[in-house]
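Worksheet: one structure, shown below.
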Amino acid sequence: MSDYPDPDEEYELMYADELELMQEQDALTDTNVVAKSKIAKRSLDFSNHMSSQPAPSTLITKTTSSTETPVTPNEDADTETIINSQSSVILQPMEEALVSNKRTADELFGDIEDIDFDDKEMPNKRFKSEEENDLELINKIIEGRRLRQLLVEPSNRLQGTNKPKYDVKGNMSYNIPRWAFVPLTNFEGDRIYIRLESEESWENNLNINIEQPSLHAMYANAWEEARKILEKKQERLIENENTEEVVTIEEDMETKDAQLWVDKYRPQSYVDLLSEEPVNRALLHWLHLWDKIVFKKEVKTKDPQQRNSFVKRTGQFQLFNKWKGKTDNEPELDEDGRPHHKVALLCGPPGVGKTTLAHLLAKLAGYRPVEINASDERSTDAFRTALQSATLMRSVLDAEKRPNCLILDEIDGAPLPTIELLVKWCTAAIDSGKKKTKSQPLRRPIIAICNDLYATSLRPLRAVALLVRVGGASVCRLSARLAAVCAREGLLAAPHVLTALATRAQGDVRAAIQVLSFIKARARAQLKVEDVENAAIGTKDCNKTLMQALQAVFTIDDKEPEAILKIVQAAGEYDRIADGIFENYMAARVDARMLIACETLSWLRLLDAISSWTMRTQNYSLYGALSLCIARCHRVLASRAPQRVKFPTQAQEAYRKKLELESIVNSVWRGSVPSVALSRNSLKVDVLPLLPYLLSPSLRTANVQLCSESERRSLGACAGALCDYGLRYVQQRTADGLYAFVLEPDINRLAFYGNEDRVRPPPAVRQAIARAQQLEIIRRNEEMTGRAPSTTTSDSKKPVESKKPATTMREQDAAIPNHMQRLKPKEVTKSTPQVHKDFFGRIVPLSQVKRQDALPDVISSSSVFYQYREGFNNAVRRKVRLRDLL
Amino acid sequence: MSLWVDKHRPKDLMKLDYHKEQAVRLKNLVQQSDFPHLLIYGPSGAGKKTRVMCLLRELYGSGVERLRQETMNFTTPSNKKIEIMTVSSNYHIEVNPTDVGIHDRVVIMDLVKNVAQTHQIDSNGQREFKVVILNEVDDLTKDAQHALRRTMEKYVATCRLILIANSISRVIPAIRSRCLTISVPAPTESEIATVLQLVCKKECLSLPNDLALRIAKSADRNLRRALLMCEACKVQQYPFTPDQKVPEPDWQTFIRETASMILSEQSPKKLCEVRQKLYELIIHGIPTETIFSGLLKELVRNCDMTLKCQVASYAARYEHRMRLGNKPIFHLEAFVAKFMAIYKKFMEESLGDMF
C-alpha cells in the first residue's frame, strides 16, 4: 500500500495528463533551457506575427498580459473568477505566455500548473459551469502543447503560428459584443453572438493558408521567397546555436547508430502525443478507472453527464462523444470496482503511434508498462504465464515499485486460443469462489493493440473490450513534428516539403520520420521536394479490401482506367473476388442476349482452372494471370451507373449446407452393414433417394397384431432395410410437447428437394416400424451370438454324460474354420484331494478338518436343498428364451 | 439384407443374369492357377462389385462372405492421423482410398504392404495369395496411382489387386498395362426387365411386362436403381398395374425441371433462378458430371439438329474445364448461359425468317 502514491498525489494522478507533462519536462529542462535562450530573440518576430493578426480579436486586453513577471496561480484564478462572474467568455491569459519570452521553462509550466490548480479548486467555484472548466482545460492543453512546440521545436514557429486557428473565445460572446456579429441561439436557449469577419482578416487568413499543398502552385513565387527566407534563418540559427548544438549533436552522434529516429523522438509527455485529443483522453480515463482497484482510492465518478454535455457543446470531439455514448447506459465500474471493460483495444493503421500512446499513458497513470508483442512466444501456455506474472505480481527490482500494466502489442496476429484465454481471464468474476481457485481475477489494466480490428481471431475480444480507434496524425501536426525533428538533427527542410511529406505519409508518423532519417543518412543537409516524391511511403499501405476491389471491378474509373489491375492485386484473394463477381455480375449490365454473361463466365472459368492448377501443382508461374482474368471481367462488366455490390456469401453457404448433407451420407455409409456396403456416390445417387419410398409401407393404422400377413412382411422388410443401412427411428420430443418418432439420420433431407415430408409414413406406422426394428435388432444379435452355441445347445440338455460331448465338441472345433472358433474357458479339474496344512506346514489329519467344518458339510452332503427366497409367488416358473418370443 | 438389391444378388458366377460368356471366362480364369491383377470397369449399377464377389467366392469358397468392418489408422508423413474404413474377410480386404482425399497414397502404400507382407497362414486354404480390392481407382490421385505401380509387381507373389473403376480413362497406362482389364457394360433395358421379372418371381409377385420396361427405361441402365425403383413401386402399390407411377430419384425430376426452366425463358433473371437450382443439386451431393449429362440430355431433346451438335460440343468443353477446376458452379452456369445465348439466337433467327 505504501508503495502506491499517497493520497496527496492521487489527485495529481487523476489529472496526470496535465500535471505529468510538467514533471516530465523537468527532465528535459536542459534542452528546454538551451532552446529558450535562443528562442528569446526569435520569438519577438513571432509575436510580431501575432500582432499582425486582426486586432479586434481581443475582446478584453488583459493588463496582466503586458507584465513580464509570471503571475502566481492564485491571482490568476482570481482574475478568472472575476471574469467568469461577468459571465463572458474571454481569452485566457495565454497570450501573455506567448509574449513572455524571458520566462524560464519552469515558469512556463508553472503556468500550466495553475490549470490543475483551477481544477482542484473547482468545488469552490460553483458558479462556473463544469463544462466551461473542461473547455478551458482542453484549450489550455492545446495552447500548452503549441507553446511547448514553440520552445522545443524552434523551426516550427512559422508552421505553428501561421496555422489558421479559429479562436472561439475571441469570436463568440454571450453579451452583445462591440464588433459586428450574427446572433444565434444554442440548444440551451442561450443567445450567442458570433463575430462577422472582415474581408481583410479573411485575406490574411488566405495568406496564411499558403502552406496548404493544394494552393502551392498558386503561391509558388511567394512560396519560394518564403523558403529562401526560412533557409537563411535556419542557417543563421545554426550559426547562433553553434555552441549548444555541438553538444547535442555530439550526443546524437553517439546514439545515432544505436537508436532509430522514431525511438529517439518518441513523445515523452502527454502534450507530445500526436494522436487526437479525445483518443488520448478516452484511454487515460479508462486507465484511471482502474485506480480504485489498483491504488485503493476512490475514482471520481463525476464524469458521464458532464463530459457528455461538454462534448455536445464543443461538437468537435466526435470520437469522444461516441466513446462516451457507449458507456452512457452502462456503469463504468462493475460491482468489484473494476472498469466495465477489462481490456482496452487500440486499433489503427500502422505507424500512427498506438504503442507509444499505450506506453506513455500507462506511465502517466502510474503503471509500469509490460509489453508482449509478436516477437514473444504467444502459445497458450506462454501467454498464460505472461499474463499471470504481469497481472498478479509486482516487480521487486523496480525502484518505484509501480504496478504493472500489460500491453499486448500486435494482438491481431495472436492465435485464437490465446485470445480466448485472455477473454476468459478478463471476464472471470472477482470472487469466483471462496476457496483458492486457480484463476485469479484480473486486477491490472490490459491494453491490447491491433491493426485490423476485424481480424477473425479478435472477435471474442471485441465483444468485451473498450474499443479506441487511433486515427492518423493530422497533416499539420505531423509536419510540425517533422520540422522539430529536422531542426534537432540539423536537416534543412522547407515547411512545404514537410507538409508534402506529411500528406504523403497519410498519418504514418513512423514512415515519415524514417524518410527523414534516410535522407539524413545519405549525408544530405537539405530535404527537397523530389526526395519526398521519390520516397516510397504512402504506397506501402495500399491494401484493399475485398469489397473495394469488387466495387472497382463493377465501376468505370474515368480518372485512372488502368487502376483496376493494381487494386485487384492489392486486394489479393482472387478466389473470393471471383466469387464476388460471380454473384454480382447479373445485375451489372443489361444483357438481353446473354453475351455478357457468357463472356464473364468464360473468364471466370479460366480463372478457376488456373487457380486450381496452381494449387494442385504448387506451381505459381501462372498466378499472375489470375488478376488479368479479373481485369478482363472488369472490362466486360464495368459501368458508370453506381451498383450496390453484395458480399459473396452464396458459395460459403452452399459449402456449409453441402457439408451438412454430406455428414448424413457419411453416417449412413458408416452405419450400413458390410454386406450391403456401397460407395458413397452410389449411396447418394441411387440408394438414398429411393430409400424413403421403401421405408414407408402402406399399412393400416391398426395394431400390428391385426395386420395381414403381407403387411407384416412389408413391415419386416422395412425394419430389415433400416437395420441394413444403420438407420433408426428415435423418439424425440417435439415443440408442442408430444413425442414423435424421427428417422435418424434424416435421409429425407438428402433425398428430396424442398418437399421433404412427402413420403414420411404417418406417426402410427412409424411407431410400428420402430418396434419392428427393435425386434429385428434383437433377432440379429441373437443370430450373431447364437451361431456358435446353437451347435451345443442340444448337448447342454444332457449334462449327465459330460465327457462325451466335450470330445465331440473338440472334434467340431477342428472342423470349424478359424474365424468361427471361439475361446472357451478351460475347465479346472480336481485331480488330488486337497491336503490341509497348519501354520507351520505340518499336515493336518483329514478328520480334524472335517470336524471343523462339519456344519457346511452336512448341508452339501444332504440331497434335500432349500433356499429361502423373499416374496411369494405361486405362478408356475418356466424358462422362456427370447427367441421364442420373436 | 432385406432390400431386393441385396437379397437377390447372385452369389455364384454361374448364376449371373447377363454377360454370361464373360462369367464363364472368369470362371476359367479362376480354375487356372495363374490369377492376374484385375481392373474391372463399367458404369455404376452394372454389376462390377457383384462379379468381384462372385469371383472371390469362386476362389476361396463361402468364407469370403463373412465380412467384417474395421477402421484402420494411418499416419501421413506430415504426421496427420487418418482413418479409413475397410471391409474384409479372411481372404480379402476392400478399401476405398479416395475417402481420405489427397492422402490416398499413404493408404495404398501402407495397406497393400501390410497385406502383402503377411503370408496366408492357413496353408490348407486354396490360394497362397490374398486379394486387395480398391474401389474408385479412377479418382485416385496421380501420386497414389504411381505408388501402386511398383507395389503391384513387388508383392505379386502374396497378393493380388482387384481395381474397380467407372472409367479407365483416368487410370494411368502403367497400371492399365499391369492388369487384366475387364469391362462390365451396363445392362440393356431388356436385360434389366428380365432381371426385374426374375426377382419378382422369387418374391412371388407378378410384374407386368410393361411396367418392368418402364422401370428399366427410367432407371438409366442402372440395375441397382431399377431394382430399388421396382421395390418402391411394390411398396407404394401392389398388385402392380402397368400404368402405375414409378417413383424415381428426386434429383432426376429436379434436373428435368431445371432444364425446362432454361428452355422456357432465356434471361439473366432466369439464369439467377437456375443458379439456385444448380446450387441445390450440388448441395445434395449429386456428382457434377451427372448434373451436366442430365442437363444436356434434357436440353438437347428440345433442340433443332443443328443446335444439338453445337450444344453437345460446348457441354463437352465446359465439362472438361470443370474437371480441371474446383468451382463446378462456375462451369455449370457458364454452360447454361452459353446454351441460353445460343438458343436465344437460334430462336430469334428462326422467328426472323418467319416474318
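The values are calculated or read from the model by the stated rules, or taken from the named source; none is laboratory data. None of these values were measured; they are calculated from a predicted model. Counting neighbours? That spans all protein chains shown, and the Cβs are built from the backbone with ideal geometry, glycine included. Quick note on the areas: whole protein, heavy atoms, side chains included, nothing else; ligands and nucleic acids left out. Shrake-Rupley method; radii C 1.70, N 1.55, O 1.52, S 1.80 Å.
Can you tell me which of B:Cys303, B:Cys309 is surrounded by 15 or more Cβ atoms within 10 Å (Cβ to Cβ) and either of a type outside the set (A, V, I, L, M, F, W, C) or more than 13 Å from every other protein chain (Cβ to nearest Cβ) (or both)?
On the way: B:Cys309 fails: surrounded by 15 or more Cβ atoms within 10 Å (Cβ to Cβ).
Exactly one residue qualifies, and that residue is B:Cys303.
If you check A:Arg504 against the conditions, is it at pLDDT below 80, assigned to a helix (DSSP H, G or I) and either open to solvent by 40 Å² or more (accessible area, probe 1.4 Å) or among the charged types (D, E, K, R) (or both)? Working first, answer last.
Details: at pLDDT below 80: yes; assigned to a helix (DSSP H, G or I): yes; either open to solvent by 40 Å² or more (accessible area, probe 1.4 Å) or among the charged types (D, E, K, R) (or both): yes.
Against the criterion (at pLDDT below 80, assigned to a helix (DSSP H, G or I) and either open to solvent by 40 Å² or more (accessible area, probe 1.4 Å) or among the charged types (D, E, K, R) (or both)), A:Arg504 qualifies.
Filter region A:264-294 for residues that are open to solvent by 10 Å² or more (accessible area, probe 1.4 Å) and touching a Gly at 6+ places or on another chain (Cβ under 8 Å) and give the result.
Result: A:Pro267, A:Leu274, A:Glu276, A:Lys292, A:Ile293.
The rows are residues; the columns are (1) of a type in the set (A, V, I, L, M); (2) within 30 Å of A:Glu711 (Cα to Cα).
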| position | (1), (2) |
| --- | --- |
| B:Leu227 | yes, yes |
| B:Thr241 | no, yes |
| B:Gln244 | no, yes |
| B:Trp251 | no, yes |
| B:Lys270 | no, no |
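Please go through region A:582-631 and give me each residue that is within 8 Å of another protein chain (Cβ to nearest Cβ) and touching a residue at least 60 places away in the same chain (Cβ under 8 Å), ordered by number.
A:Phe582
Let me spell it out: the conditions are (1) modelled with pLDDT of 80 or more; (2) over 22 Å from A:Leu516 (Cα atoms); (3) aromatic (Phe, Trp, Tyr), and A:Tyr193 meets all of them except one. Which number is the exception?
(1)
Can you pull out the helices (runs of 4 or more DSSP H) entirely within region A:668-780 that have at least 1 residues that are of a type in the set (Gly, Ala, Ser)?
On the way: elements: A:688-694, A:709-724, A:747-751.
Because the criterion is at least 1 residues that are of a type in the set (Gly, Ala, Ser), the helices (runs of 4 or more DSSP H) in region A:668-780 that meet it are A:709-724, A:747-751.
Which residue is least open to solvent (accessible area, probe 1.4 Å), if the candidates are limited to region B:222-232 and must be more than 7 Å from every other protein chain (Cβ to nearest Cβ) and farther than 12 Å from B:Glu203 by Cβ?
By that ranking, first place goes to B:Ala226.
Just name the residue that is most open to solvent (accessible area, probe 1.4 Å) out of those in region A:681-722 that are polar (S, T, N, Q) and more than 23 Å from B:Met85 (Cβ to Cβ). So that I can check it myself, show each step before the final result.
At the first step, the residues of region A:681-722 found to be polar (S, T, N, Q) are A:681-682, A:696, A:698, A:701, A:703, A:705, A:708, A:710, A:714.
Subsequent filtering for residues that are more than 23 Å from B:Met85 (Cβ to Cβ) retains A:696, A:698, A:701, A:703, A:705, A:708, A:710, A:714.
Working: A:Ser696: 27, A:Ser698: 82, A:Thr701: 100, A:Asn703: 93, A:Gln705: 117, A:Ser708: 49, A:Ser710: 75, A:Ser714: 27 Å².
This residue is A:Gln705.
Quick one: how many residues across region B:314-346 are in contact (Cβ under 8 Å) with a residue 12 or more places away in the chain and either open to solvent by less than 40 Å² (accessible area, probe 1.4 Å) or among the aliphatic types (A, V, I, L, M) (or both)?
Summing the residues that are in contact (Cβ under 8 Å) with a residue 12 or more places away in the chain and either open to solvent by less than 40 Å² (accessible area, probe 1.4 Å) or among the aliphatic types (A, V, I, L, M) (or both) in region B:314-346 gives 17.
The conditions are (1) away from chain B (no Cβ under 13 Å); (2) open to solvent by 30 Å² or more (accessible area, probe 1.4 Å); (3) at pLDDT below 80, and A:Gly786 fails exactly one of them. Which is it?
That leaves (2) as the condition not met.
Among A:Arg576, A:Arg616, A:Arg605, A:Arg644, which is the only one that is at pLDDT below 90, at negative phi and more than 33 Å from the chain's Cα centre (by Cα)?
Values: A:Arg576 fails: more than 33 Å from the chain's Cα centre (by Cα); A:Arg605 fails: at pLDDT below 90; A:Arg644 fails: more than 33 Å from the chain's Cα centre (by Cα).
None of the others qualify; the one that does is A:Arg616.
Being of a type outside the set (Val, Ile, Thr) and touching a strand residue (DSSP E or B) at 6+ places or on another chain (Cβ under 6 Å) is the filter; apply it to region B:69-80 and report the residue that is surrounded by the fewest Cβ atoms within 10 Å (Cβ to Cβ).
In this case the residue turns out to be B:Asn73.
Could you check how many residues of region A:611-642 are buried (at least 17 other Cβ atoms within 10 Å of the Cβ) and either touching a strand residue (DSSP E or B) at 6+ places or on another chain (Cβ under 8 Å) or under 12 Å from B:Lys327 (Cβ atoms) (or both)?
Within region A:611-642, residues that are buried (at least 17 other Cβ atoms within 10 Å of the Cβ) and either touching a strand residue (DSSP E or B) at 6+ places or on another chain (Cβ under 8 Å) or under 12 Å from B:Lys327 (Cβ atoms) (or both) number 2.
Please give the number of the condition B:Glu298 fails out of (1) surrounded by 19 or more Cβ atoms within 10 Å (Cβ to Cβ); (2) in contact with a Lys or Arg (Cβ under 7 Å, 6 or more places away or on another chain); (3) closer than 26 Å to A:Arg680 by Cβ.
Evaluating B:Glu298 over (1) surrounded by 19 or more Cβ atoms within 10 Å (Cβ to Cβ); (2) in contact with a Lys or Arg (Cβ under 7 Å, 6 or more places away or on another chain); (3) closer than 26 Å to A:Arg680 by Cβ leaves (1) as the failure.
What are the residues in region A:651-680 that are open to solvent by 50 Å² or more (accessible area, probe 1.4 Å) and at the interface with chain B (Cβ under 8 Å from one of its Cβ atoms), if any?
A:Lys657, A:Lys658, A:Arg670, A:Ser675
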